[in-house]
Amino acid sequence: MILDKSLIQQYNEQLAATQQKKFNFLKATLQDEGHDVTALLEQLAAFQIAIPSWALGTGGTRFGRFSGGGEPRSLEEKMEDVGLLHALNQSSGAISLHIPWDIPQNATAIKQLAASFELQFDAVNSNTFQDQNDQNYSYKFGSLSHTDKQVRDQAIAHNVEVIKHGIDLGSKALTIWLSDGTDFPGQQNFRRSFQRTLDSFQQIYDALPEDWKVFIEYKPYEPHFYSTVVADWGTSLLFCQKLGEKALGLVDLGHHLPNTNIEQIVSRFLMEGKLGGFHFNDSKYGDDDLTVGAMQPFQLFLIFNELVEGMASQEVQNPALSWMIDASHNVKDPLEDLLQSIEAIKIALAQALIVDRKKLENAQEQNDTTTAQEILQHAFRTDVRPLLAQARLESGAAIDPLAFYRQNKIRQELINQRGVKTYSTGL
């Protein structure tokens, strides 16, 4: 669906007076606290979050999947949906492809389509956690860590193929989420499994172009439940340090054991200059892949607090970060969920940007725990939504993207175009 942008302008005109009142009040408050509101608006407008191609369809569980209708049936339709999101919020200017779910049949045509929606290609993602119909060897007992060299070689070749697709599209990074692991004690030798994986990673690393990066994701459990090869941030960091400067860790917010201090992990990665980026989602119990900020908005804010501090510090030398949503939804309209997720991410960013850094650092130096907590709580409790709405308004996006989406019955329009019983490819 190609959105008529004049509808956004008409919609904004209806809300302009109310938005101006809300923004003026917040602007005066922030200025009184010493903030440069113009600079804040510029930072928020520049912040872009990639949309994964697999998030445009209704997600599922191992028990079932229920299509919401109007799902994209091809890569081209997925790109249309991302273009729609970007038109609504001007914050979704990139798409991340999963191979082989979304192999471009004509890279030149796909790049031209992306340009028409003002989209770029974020990291490309490999898949060795599933067997494909045309592959010779199974990944049931592992891929890059497998005891059989033929299986490892097959998995390595797939990652190299993904890199080639990324080069054709203008991507600059490869993301590897390795599901390899074990389900029972004694199933594999931990040390040898690590060494086999390192050798496989090294061959993939050697295939990277000079200006590329590889992001190594980690996860403590699932689909295997006794061990995973890349189980935690320390293992990811260890692989990255052994591989070289182009290897960086990727933090998925759902890939942690309950109550893990993710913001501290972020700080450690930054300290070592090895943070590559994020897969944003939220969770109650595990890797739930819920809407960003739906469960733990304060944790999200604390993560961005570390990011804002670290990226501004002269002590930290870390490459530019990659930002992406990684969520799967069984009961929500995927586009509505993505709009909510992007809003939550940018709220957390805006709140982190208004933390009084000098006062916070002074409180930390003085071991004044109460004041430090009050400074963070003050920023977190500030309603920055009018700031985000103003940034959208000034960039030509909708003041309230979700309300616009519903008011214009966009999901019904997609159903009319694509059908009720459509299923997004890949999932």
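Any read-out appearing in this document is the output of simple, stated calculations on the displayed coordinates, not a laboratory observation. These numbers were taken from a predicted model, which means no experiment stands behind them. Ideal geometry is used to build each Cβ from the backbone, glycine not excepted, and the neighbour counts take in all protein chains shown.
Quick notes
- Value in Å of the Kirkwood radius, where the chain supplies the Cα pairs that are averaged: 22.6 Å
- Relative to one another, the C-alpha centroids of the stretch 351-399 and the stretch 209-235 are positioned 32 Å apart.
- Under a Gaussian network description of the chain, with springs only between Cα atoms under 10 Å, the residue in LEU40, LEU88, LEU253 that fluctuates furthest is LEU40.
- Restricting the trypsin sites (Lys or Arg not before Pro) of the stretch 34-121 to loop positions (DSSP other than H, G, I, E, B) with no more than 16 neighbouring Cβ atoms within 10 Å leaves ARG62, ARG73.
- Within the chain, helix-based [θ] at 222 nm, where runs of 4 or more DSSP H residues each add -39,500 (n - 2.57), nearest 500: -15500 deg cm²/dmol
- Aspartates and glutamates whose Cα lies under 14 Å from that of LYS22, excluding same-chain neighbours fewer than 8 positions away: ASP383, ASP400
- In this structure, the residue pairs whose Cα-Cα separation is over 29 Å, taken from LYS346/LYS409; LYS140/LYS421; LYS213/LYS346; LYS27/LYS346; LYS164/LYS274; LYS149/LYS246, are LYS140/LYS421.
- In nm, spacing of pseudo-spin labels at GLU315 and ASN367 (7 Å Cα→C-beta vector): 1.8 nm
- For the pair GLN264 and GLN417, a Förster radius of 35 Å applied to the C-beta separation gives a FRET efficiency near 0.15, rounded to the nearest 0.05.
- Taking all Cα pairs closer than 8 Å and separated by 6 or more residues, the relative contact order of the chain comes to 22 percent.
- P(r), alpha carbons of the stretch 320-415 - 5 Å bins starting at zero, rounded %: 2, 11, 16, 16, 16, 13, 10, 7, 5, 2, 1, 0
- Cα gyration tensor shape for the stretch 159-290, rounded if a/c is under 1.5, else prolate or oblate: oblate
- Along the axis of the charge dipole computed for the chain (Cβ charges of +1 for Lys and Arg, -1 for Asp and Glu, origin at the Cα centre), the listed residues ILE265, VAL355, HIS329 are led at the positive end by HIS329.
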